[in-house]
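Below is one structure, written out as C-alpha cells; the observations come after it.
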Amino acid sequence: MRQIAFSSIPMWMVLGLAALAASGSARAQTRELATQGDLLDRVVAIVNDGVVLNSDLDAQVEIVSERLRQQKLDPPPQNVLRQQVLERLVLQEIQLQRANHAGVKVSDEMLNAALEDVAKRNNLSLTQMPEALKQQGIDYAEYREEIRREMLLQLLRQRDVLQHISVTPREIDQFLDRQSKAPSERNEYNVSHILIAVGQEASPAQQDAAAKRAQEVYERAKSGEDFAKLAVAYSNSQTALDGGALGWRKGSELPTFLADIIARLKPGEVSEPLRTPTGYHIIRLNEVRGGSQTAVENQVHVRHILMKTNELADDATVRGKLQALRERILKGEDFAAVAQVTSQDPGSAAEGGDLGWAGPGSFAPEFEQAIATLKDNDISEPFHTQFGWHIAQMLGHRRFDNSDEIKRRQAAEAIRASKADEETELWLRRMRDEAYVEYKS
C-alpha cells in the first residue's frame, strides 16, 4: 500500500504522518489502560463549560515533539512545551465551544469531499483511504474527526473574522501609491515571528513584564540563538509550535504593521520588538525572492444559484432542490429568473445570479474546481463550498488585459490578507480574555 503524501494536501489538512501515528497510539493506550483500571484520565484545564484532558495534552505534546524532531529542532524543557501545548488546546476548546453555540457545523458530505480531495491527490479512492492510513499506523476514524475539527475552526474564522474584513477604495489607492514608490513590495519574503501577548485588560505591571520578556527574547535572537526554538518556548502566536514560521508571503500580503519593518531587514536579521494591540512582535527575515506580476489573464463569466442548509433543510434536501432547479432550467426555464426567486446570495440574486467577469483566484477553490471544465452555456451539477450549495452556469471565456483593474483587485486581496493575521490574533486574544480558564495541577 502506498504512503499518503501529506505534504501534497492543503496546509490546514496537514497532520504529519508520525504525528498522527503518535496521536492514535497515545489515545489508544489511554483508552486501553483506562479500561483495565490502571490509569485514570484527569482534567488539566477547565474552559468555560468544557475541559481539556490530560490524555489529549499528552497526545498533542507527543505530536509536537515528533514534528520538532522531524524539523531537527531541540524541544524546549518539557514543562515549557506542555504549557505551550496546553494553551493551544485551551484556545481550540474556546473556539469549538463558540462554533457549537453559533451552530457552525461540518457535515459528513463536506468532510467526505475534503477527504476525497486528499485521496485524489494521492492517487487513491476514498474507500482506499482507511486501509492506506492503517498501513501507516493511523486510525481512520480519529483522522476524520481531526480533519473535521480543523475544517470547523476554519469555517468559524471565516464567519467571525475574514468575512468582516473590509477594504475601502481609499485604502486601495494608498496601497497602489506605496507600491509604485516601493517596487520591493512585489518581492516575496520568508518570515518568522514571535508574539509576546499582552491582554486587553493587562495591568501596568503585566505590560512591563511583557515588554521586558520581549526585549530579552529579542536580545537572545539577535545574538544568534535559534529563532525557531525561541518561538516554540516563548511565542503566544498560533505559529509558535511551528517555530514561528509564517512561510512565504508576497510583500504586499504581509500584515500591515510588519511591511515597513520587513522592507528594512536583510535576510537573517531580527527586528526590535514592535508594540501592537495584541502585544510585542519580534520578526526575523529568513529569505527574499523576486516576485512577478502579469496584467493578462484568463477570465470567466459565470452566474450561479446559492442555497444554504438550515434546521429544516439538510445537505441532501438542499442538493435535491438544486438538482430539481437544474432540470427545470435545462428544460427551458430562464436561469436568471429562477436565480432571482430562489438564490440566497444577497450579492448576486437581484442580478439573476450574475457574478460578472472574474479571473483566477476570485472564487472559493471548490467553486473554481466545479466550473473549470464547463463549456459555454453548460450548467454544473450541484456542488458544495463553505458558503452553501450551488449550481453554476458558464456564460463565457476570454483573455483580458486590463492592468488597472487587475492591480486594484490584487491590491484589495493583498490588503485583506495583510489584515487577516492581526485580526485573527485580536479575535483569539479577545475570546481568551473573556473565557473562564482554570488550570489544574
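The values are calculated or read from the model by the stated rules, or taken from the named source; none is laboratory data. This structure is a prediction, so every number in the text was calculated from the model and none was measured. For neighbour counting, all protein chains shown are included, and Cβ atoms are generated from backbone atoms with ideal geometry for every residue, glycine included. Protein only, heavy atoms only, side chains kept; ligands, DNA and RNA dropped before computing areas. Shrake-Rupley method; radii C 1.70, N 1.55, O 1.52, S 1.80 Å.
Solvent exposure of the chain amounts to 52 Å² per residue of accessible area, where only protein heavy atoms count and the probe is 1.4 Å.
Which log10 I(q)/I(0) values, to two decimals, does the chain give at q = 0.07, 0.08, 0.14 Å⁻¹ under the Debye formula with one point per Cα? One equal scatterer on each Cα of the chain leads to -0.42, -0.56, -1.53. Do you know the relative contact order of the stretch 317-441, to the nearest whole percent, from alpha carbon pairs under 8 angstrom that are 6+ apart? RCO, the stretch 317-441: 17 percent.
Under a model in which nothing but the beta-carbon of Lys, Arg (+1) and Asp, Glu (-1) is charged, the chain shows a dipole of about 740 debye around its Cα centre.
Taking R0 as 45 Å, what FRET efficiency do you get between residue 216 and residue 113 from their Cβ-Cβ distance, rounded to the nearest 0.05? Could the numbers behind the result be given before it?
Numbers: r = 47 Å, r/R0 = 1.05.
That pair, residue 216 with residue 113, gives E of 0.45.
Largest GNM mean-square fluctuation across 122, 377, 48, computed for the chain with C-alpha springs under 10 Å, falls on 377.
The listed residues 235, 362 rank as 362, 235 when sorted by accessible area, largest first, using a 1.4 Å probe. Surface composition of the chain: carbon and sulfur make up 48 percent of the accessible area, probe 1.4 Å. The GluC sites (Glu not before Pro) found in the stretch 197-301 that occupy coil by DSSP, while having at most 16 further C-beta atoms within 10 Å, are 201, 225, 269.
With one equal scatterer per alpha carbon and no solvent term, the Debye-computed log10 I(q)/I(0) for the stretch 337-441 at 0.10, 0.14, 0.21 1/Å reads -0.47, -0.77, -1.22. For the listed residue pairs 266/407; 105/308; 308/331; 212/266; 72/229; 72/250, the alpha carbons are over 20 angstrom apart in 266/407; 308/331; 212/266; 72/250. Here the Gaussian network model covers the chain, with springs between Cα atoms less than 10 Å apart; of 278, 424, 342, 342 fluctuates the most. How high is the relative contact order of the stretch 156-282, in percent, with contacts defined as C-alpha pairs under 8 Å that are six or more residues apart? It comes to 34 percent, rounded to a whole number.
Neighbours of residue 276, meaning other residues whose beta-carbon lies under 12 angstrom from its beta-carbon, give a summed charge of -2 when Lys and Arg score +1 and Asp and Glu score -1.
Computed about its Cα centre, the charge dipole of the stretch 91-213 is approximately 280 debye, with only Lys, Arg, Asp and Glu carrying charge at their Cβ. Once the Cβ-Cβ distance of residue 433 and residue 386 is raised to the sixth power relative to R0 = 25 Å, the FRET efficiency obtained is 0.35.
Volume of the convex hull of the stretch 274-381 (Cα atoms only), normalised per residue: 214 Å³. What the Cβ-Cβ distance of residue 79 and residue 266 gives, at R0 = 45 Å and to the nearest 0.05, is a FRET efficiency of 0.80. Taken along the Cα-to-beta-carbon direction at a fixed 7 Å, the label points for residue 440 and residue 168 span 5.0 nm.
Size descriptors for the stretch 384-441: radius of gyration and Dmax over Cα atoms are 20.6, 64 Å. Only protein heavy atoms count here; under a 1.4 Å probe, residue 140 has an accessible surface of about 50 Å².
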